[in-house]
Amino acid sequence: MMPQNYSQRVHFYYCILIALKINAKTKKSGGVRGKNNFLLKWLRNAQNNTIFPPDITSEIEWLRGKIISSGPDTDLEPMLQYVYDTAKRAENMRLGS
């Protein structure tokens, strides 16, 4: 993994977590299923509009597969938060902060 990939991953997961929080505040809660539907749409838009660098494409595909295979009633937000925290720590270690 190239060093800059950490910052790209941190940025990507930051964006997805913020999008989830905004969605939770603005939409009537569709529960976990609503959250997963939102995530799948958000990821499809991110991929179709190539918002993120090409390195993130495999991350998007992996996440979409994970949501689909985990089933509609699995809340993946804690996992997303964990991946974000881990990538952030790795980035901070690389930057020496």
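For the stretch 9-97, which whole percent of the accessible surface, found with a 1.4 angstrom probe, sits on carbon and sulfur atoms? Show your work: numbers first, answer last.
On the way: 3100 of 5520 Å².
Answer for the stretch 9-97: carbon and sulfur cover 56 percent of the accessible area.
Please compute the net charge surrounding residue 52, taking Lys and Arg as +1 and Asp and Glu as -1 over other residues with Cβ under 15 Å from its Cβ.
0
List the aspartates and glutamates whose alpha-carbon lies under 13 Å from that of residue 21, not counting same-chain residues fewer than 8 positions away?
Straight-line reach from residue 21, under 13 Å: 77.
To the nearest 20 debye, what is the magnitude of the charge dipole of the chain about its Cα centre, counting +1 on the Cβ of each Lys and Arg and -1 on the Cβ of each Asp and Glu?
That gives a dipole near 360 debye.
Per-residue accessible area for residue 33 at 1.4 Å probe radius, Å² rounded to 10?
Here the accessible area works out near 120 Å².
As a test of the formula, what do you get for the chain when each DSSP H run with n ≥ 4 contributes -39,500 (n - 2.57) and the sum is divided by the residue count, at 222 nm and rounded to the nearest 500 deg cm²/dmol? Intermediate results must be reported in sequence, preceding the final value.
On the way: 4 runs with 75 residues, N = 97.
Calculated at 222 nm, the ellipticity per residue is -26500 deg cm²/dmol.
Any lysines with Cα under 18 Å of the residue 28 Cα? List them, leaving off those in the same chain fewer than 8 positions away.
41
The values are calculated or read from the model by the stated rules, or taken from the named source; none is laboratory data. Since this is a predicted model, take the numbers as computed values, not measurements. Virtual Cβ from ideal backbone geometry, glycine too; neighbours counted across all protein chains shown. Quick note on the areas: whole protein, heavy atoms, side chains included, nothing else; ligands and nucleic acids left out. Shrake-Rupley method; radii C 1.70, N 1.55, O 1.52, S 1.80 Å.
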